[in-house]
Amino acid sequence: MTVNVVGKRVKRVDAVAKVTGKAKYTDDFMERDMLVGKILRSPYAHAIVKKIDVSKAKALPGVEAVLTYKDVPDNKYATAGHPYSLDPKHRDREDRTILTKKARFVGDEIAAVVATDDLTAEKALKLIDVEYEVLEPVLTPEDALKENAPLIHEEYDNNIISDFGYQIGDVEESFKESDYIFEDEFETSIVQHCHLENHISYAYVDADDRIVIVSSTQIPHICRRIVGQALGIPWGRIRVIKPYIGGGFGNKQDVCLEPLNAALTLAVGGRPVKIDLSREECMIATRTRHAFKYKFKTGVSKDGKLIATHITAISNNGAYASHGHSIAMSAGTKFRPLYSFKSIKFDPVTVYTNLPAAGAMRAYGVPQIKFALESHMENIARKLNMDPIEFRRRNLLGEGYVDPLNGNKVLSCGIHECIAKGKELINWDEKKEKYKNQTGIKRRGLGMACFSYASGTHPVGLELAGARIVLNQDGSVQLQIGATEIGQGSDTVFAQMVAEVLGIPVDMVHVVSTQDTDISPFDTGAYASRQTYVTGMAVKKAALEIKEKILNFVWGMTDIPAEALDIEDANIVYKHSGEVVMPLSKVAMQTYYDTVFAKPITSDTSNNARVNAMSFGVTFAEVEVDIKTGKIEVVEIFNVHDSGKIINPQLAEGQVHGGVSMGIGYALSEEMLFDEKTGKPLNNNLLDYKLPTIMDTPDIGVAFVETHDPTGPFGNKSLGEPPAISPAPAIRNAVLDATGVAFDRIPMTPQRVFEKFKEAKLV
Amino acid sequence: MLKKISFTVNGKEVSLEVNPGETLLEVLRKRLGYTGVKKGCAVGECGACTVLIDGTPTDSCIYLAVWADGKEIITIEGIAEDGKLSKVQEAFVEEGAVQCGFCTPGLVLTTTAMVQSGKKYTREEIKRELSGHFCRCTGYQNIIKAVEKSLED
Ligand code: FES
Ligand code: FES
């Protein structure tokens, strides 16, 4: 197989559809008589509905249905986009119903209306009379953990979702062997995905009495199962269709609207009903990123070798479990392949609070722990009087590491090269020298931070991916996958993979971008940076099968053995010389129309990945800090990634750009704010929530160290999420370098920075 | 209380009766089927709904349909001529400025207005012109490149 297309800057297969406005998103399909579904949300963070009267709402002309918790099935279900597990112990906590009698955060879903238009639906919501018994809200994890804290979910004994952790070795023993013990505490904030397209879905009942749901989701097949569970109906009665979606970042790896949407269409005799969340709703009533508090106690030897670390974590999960403790466990797992510790103790606790439910968000718990760990590493290096890069280098694990808990093995690792490259790109040594003794108002500094990550969820989750290919009459192919394009470019890299294996140009691969659970192969969807790695292997297998079938067919036609043949540039050629035997299109026509041997060529494969490749990388950042105003400007930033073989450099760079910009927002400005007494959201809109604009975003430098991972379909490893991991600690470490002030909390907003500078007597 | 208005969309004349409260966004999307106009916030914060009104990029979600009476509206559907991508669209494709694509129509239209203005822009000025558009996917890097390329002679 010669490499022609994999590794090239191939244009996105959906770019033209997207620049011309032809790409269809959920809201762009026109159903006749589409009705509007709207949700009545609790104004209280913690309350019980004592009485609810919907008669006035129902009487309003144009209102077709009003539903409360009494009118929907009271099946408890879990919303996280995880593969189903046959083992009940391995399932997510089922703590939701479609509508609720008990409000657990401001915005919780008490009732819903279906009306002919938006205005009528809004009016109807106002006509619903609810009498609440207001309960004491529990707004911090500390309060939630108190003895006698009000219970957020009464069916459990306390507000703890889980406190499962692990120990490798014996940290107490290892501490005794350590020359120094260092302790630090860190805190991250609640942030939100802010994909540009809000959550939206519509549903109707089709002529066969099946519920069809069109939704902006990352996980159509999982969504189908969860709707079935929530409604208590056979899963086969549900069909989920996923068109183009306007970003997800993990927030659509959760089932937020679809069960209610299904209930609403059933309530109006199967007529189509749309739920289109406003930005304000979307920011509180979908999911957020868990805020974490971390404590580290780390033992180190005199010569700067890490010996043991004891990590304590509190994860603020908000009102419903969603992805729950998986986030903390992902954090506690994915940092391990980076540094060598003799012993690690990881003590996390995931806690309910009366705040919006936290779920999956790009890099799944890892930005939080890496902010803490890489800040901690920096503090330790300084205390040891060691160069922070040298300190890290001394402790890196690298190839050959086998994780003692999950058995995943590091078969490729370019972290040393990543560090060397980043150091050079930012001109580390020279600038370090230059910024040594600054005293002015504006001070510059350099920082860096490393990370490790996984490709998919094996062995925690099942990693199943399907691919199907059909050879068309003209020699082009259709590719169907259950994996979802959410903006990251998966359709394009899959097309490249097929083109590569089949020896045809990319534009002869027609990727069916829409997933339809009736038609698309089974795949759990876009999350955990799994698709290029896990689905990629399914796509490769399917393409190899097609190729084999084509060459065998030619053997039958020509009596040239299949082994002597290859496909190049859409021609069947002799393998040894490249001489053209016949065009692929000719073979394709024969497969359809030969009166004796016709047999259209297809393949339908799946890949159950029981491997997991570790990816690595580093951020180098330079900041300029204004001591007087507390403003931090990122002057230069470079992300260097070892994601194995890069399938499409242009798309890969795009992933890094987006992730780094998200990381900069995480470091400096983004934070969801809630009233400390009532839990009311204070900035759930794009004006008050400080998403980076184009003005706030510096030039983002990207480089790759291309290792080859033997388990990836083309040597590739994860890339979608990792870029968002290390910018925040690198920026924090740069601020420390510039000012000597060690921040232990993000975002480092001017206000917070200024206060901290005052404390440190810099101002 | 419906009001009759007339305007052109992508050169085509349209007359219809609208509610005084209806936004141009709703009319374009729901009544006329121009679904390339996107809605990211509906309150003027994100730029996804940008259309050109008499050549000026405008958030159609906070622009009442009645104000459009007599105006020339260009939506993303009106940018490619005879199925051929415009220079701006071409640049967005070439430079990899598109990911999920939800911000793209608005950005292509604002860039088109910049190109039509005939002005020269520095990088800082480009950023300022585009600062009303949020993009969560691209970190704006390739968007800036696409705009620079669009503005090249
Ligand atoms: S939808 Fe108009 S500015 Fe966001
Ligand atoms: S490409 Fe997704 S918001 Fe810009």
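The values are calculated or read from the model by the stated rules, or taken from the named source; none is laboratory data. As the structure is a prediction and not an experimental result, all values here were calculated from the model. Glycine also receives a Cβ, built like all others from the backbone with ideal geometry; neighbour counts cover every protein chain displayed. For accessibility, only protein heavy atoms count, side chains too; no ligands or nucleic acids. Shrake-Rupley method; radii C 1.70, N 1.55, O 1.52, S 1.80 Å.
Can you tell me which of B:Gly118, B:Gly55, B:Gly36 is away from ligand 2 (no atom under 15 Å from the Cβ) and not assigned by TED's automatic domain parsing to the domain that holds B:Phe134? It would help to see each step written out before you state the result.
Numbers: B:Gly118 fails: not assigned by TED's automatic domain parsing to the domain that holds B:Phe134; B:Gly36 fails: away from ligand 2 (no atom under 15 Å from the Cβ).
Every option except B:Gly55 fails the conditions.
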*Just name the residue that is surrounded by the most Cβ atoms within 10 Å (Cβ to Cβ) out of those in the range A:639-668 that are more than 14 Å from chain B (Cβ to nearest Cβ) and charged (D, E, K, R).*
A:Asp642
*Based on what the data block shows, is A:Glu671 open to solvent by 10 Å² or more (accessible area, probe 1.4 Å), closer than 22 Å to A:Ala734 by Cβ and within 14 Å of chain B (Cβ to nearest Cβ)?*
no
*Residue that is nearest to B:Ala48 (Cα to Cα), among those in the range B:130-150 that are part of a helix (DSSP H, G or I) and facing chain A (nearest Cβ under 9 Å)*: B:Leu130
*From the residues in the range A:173-210 that are open to solvent by less than 40 Å² (accessible area, probe 1.4 Å) and of a type in the set (Gly, Ala, Ser), which one is nearest to ligand 2 (Cβ to nearest atom)?*
A:Ser201
_Show me the strands (runs of 3 or more DSSP E) entirely contained within the range A:14-87 in which 3 or more residues are over 34 Å from the mean Cα position of the chain (by Cα) and buried (at least 18 other Cβ atoms within 10 Å of the Cβ)._
A:63-68
*Can you give me the number of residues within the range B:92-101 that are open to solvent by 10 Å² or more (accessible area, probe 1.4 Å) and near ligand 2 (Cβ under 10 Å from one of its atoms)?*
1
*Looking at (1) surrounded by fewer than 18 Cβ atoms within 10 Å (Cβ to Cβ); (2) not in a helix (DSSP H, G or I), which is the one condition that is false for A:Met695?*
(2)
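Does the range B:71-99 hold any residues that are closer than 13 Å to B:Ile143 by Cα and either within 16 Å of ligand 1 (Cβ to nearest atom) or not small (Gly, Ala, Ser) (or both), and which are they?
Let us first name the residues in the range B:71-99 that are closer than 13 Å to B:Ile143 by Cα, namely B:88-99.
Scanning the range B:71-99 gives B:Val88, B:Gln89, B:Glu90, B:Phe92, B:Val93, B:Glu94, B:Glu95, B:Val98, B:Gln99.
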*Hey, does the range A:21-43 have a residue that's out of contact with any strand residue (DSSP E or B) (no Cβ under 6 Å at 6 or more places or on another chain) and of a type in the set (Val, Ile, Thr)?*
no
_Could you check the range A:235-259 and list, in sequence order, the residues that are out of contact with any Ser or Thr (no Cβ under 6 Å at 6 or more places or on another chain), open to solvent by 10 Å² or more (accessible area, probe 1.4 Å) and more than 16 Å from A:Ala357 (Cα to Cα)?_
A:Trp235, A:Gly236, A:Arg237, A:Ile241, A:Tyr244
_I'm checking my understanding of the structure. Among residues of the range B:124-148 that are closer than 19 Å to B:Pro57 by Cβ and of a type in the set (Lys, Arg), which one is least open to solvent (accessible area, probe 1.4 Å)?_
B:Lys127
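May I ask you to say which residue of A:Val6, A:Val10, A:Val19, A:Val54 is over 30 Å from A:Val205 (Cα atoms), of a type in the set (A, V, I, L, M, F, W, C) and away from chain B (no Cβ under 11 Å)? Step through it out loud before you land on a result.
Details: A:Val10 fails: away from chain B (no Cβ under 11 Å); A:Val19 fails: away from chain B (no Cβ under 11 Å); A:Val54 fails: over 30 Å from A:Val205 (Cα atoms).
After ruling out the rest, the residue left standing is A:Val6.
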*Among the residues of the range B:22-70, how many are of a type in the set (Gly, Ala, Ser) and touching a strand residue (DSSP E or B) at 6+ places or on another chain (Cβ under 6 Å)?*
4
*Odd one out for A:Ser476 among (1) more than 30 Å from A:Pro729 (Cα to Cα); (2) crowded, with 23+ Cβ neighbours inside 10 Å*: (2)
*Residue check: is B:Thr75 within 9 Å of chain A (Cβ to nearest Cβ) and over 27 Å from A:Asn648 (Cα atoms)?*
yes
*Selected residue (only one of B:Ala48, B:Ala68, B:Ala42 is within 7 Å of chain A (Cβ to nearest Cβ) and over 30 Å from A:Pro649 (Cα atoms))*: B:Ala42
*Taking interchain pairs and intrachain pairs at least six residues apart, which have beta carbon atoms under 9 angstrom, with the first residue in the range A:406-431 and free of Cβ contacts under 8 Å to residues at least 40 places away in the same chain and the second open to solvent by 70 Å² or more (accessible area, probe 1.4 Å) and part of a helix (DSSP H, G or I)?*
A:His416/A:Arg393
_the range B:57-110: number of residues that are of a type in the set (D, E, K, R) and within 24 Å of A:Ser513 (Cα to Cα)_ = 5
*Quick one: count up the residues across the range A:718-743 that are touching a Ser or Thr at 6+ places or on another chain (Cβ under 7 Å) and open to solvent by 10 Å² or more (accessible area, probe 1.4 Å).*
3
*Run down A:Gly228, A:Gly318 and say which single residue is of a type outside the set (Lys, Arg) and touching a residue at least 24 places away in the same chain (Cβ under 8 Å).*
A:Gly318
*Enumeration of residues in the range A:675-707 that are hydrophobic (A, V, I, L, M, F, W, C) and touching a helix residue (DSSP H, G or I) at 6+ places or on another chain (Cβ under 9 Å)*: A:Leu686, A:Leu691, A:Ile694, A:Met695, A:Ile700, A:Val702, A:Ala703, A:Phe704, A:Val705
*Just give me the residues in the range B:2-21 being of a type in the set (D, E, K, R) and either at pLDDT below 95 or out of contact with any strand residue (DSSP E or B) (no Cβ under 8 Å at 6 or more places or on another chain) (or both), in sequence order.*
B:Lys12
*Return yes when A:Glu197 is in contact (Cβ under 8 Å) with a residue 12 or more places away in the chain and within 14 Å of chain B (Cβ to nearest Cβ) and no when it is not.*
yes
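Give the residues of the range A:125-144 that are in a loop (DSSP other than H, G, I, E, B) and within 30 Å of A:Ala65 (Cα to Cα), sorted by residue number.
Of everything in the range A:125-144, those that are in a loop (DSSP other than H, G, I, E, B) and within 30 Å of A:Ala65 (Cα to Cα) turn out to be A:Leu127, A:Ile128, A:Leu135.
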*Might you let me know whether the range A:358-372 holds any residue that is free of Cβ contacts under 8 Å to residues at least 12 places away in the same chain and farther than 20 Å from A:Phe186 by Cα?*
no
*State the number of residues belonging to the range A:335-386 that are surrounded by fewer than 24 Cβ atoms within 10 Å (Cβ to Cβ) and in a helix (DSSP H, G or I).*
5
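For every residue, the table says whether it meets (1) within 14 Å of chain B (Cβ to nearest Cβ); (2) modelled with pLDDT under 95; (3) within 16 Å of ligand 2 (Cβ to nearest atom); (4) closer than 21 Å to A:Ala112 by Cα.
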{"position": "A:Val240", "(1), (2), (3), (4)": "no, no, no, no"}
{"position": "A:Cys256", "(1), (2), (3), (4)": "no, no, no, yes"}
{"position": "A:Ala263", "(1), (2), (3), (4)": "no, no, no, yes"}
{"position": "A:Leu277", "(1), (2), (3), (4)": "yes, no, no, yes"}
{"position": "A:Glu281", "(1), (2), (3), (4)": "yes, no, no, yes"}
{"position": "A:Lys293", "(1), (2), (3), (4)": "no, no, no, no"}
{"position": "A:Lys297", "(1), (2), (3), (4)": "no, no, no, no"}
{"position": "A:Val300", "(1), (2), (3), (4)": "no, no, no, no"}
{"position": "A:Lys305", "(1), (2), (3), (4)": "no, no, no, no"}
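Among the residues of the range B:121-147 satisfying the criterion of being within 9 Å of ligand 2 (Cβ to nearest atom) and not aliphatic (A, V, I, L, M), which is farthest from A:Cys194 (Cα to Cα)?
We begin by selecting, within the range B:121-147, every residue within 9 Å of ligand 2 (Cβ to nearest atom); these are B:133-138, B:140, B:143.
Narrowing the set further to residues that are not aliphatic (A, V, I, L, M) leaves B:133-138, B:140.
Working: B:His133: 13, B:Phe134: 10, B:Cys135: 9, B:Arg136: 7, B:Cys137: 10, B:Thr138: 13, B:Tyr140: 15 Å.
Result: B:Tyr140.
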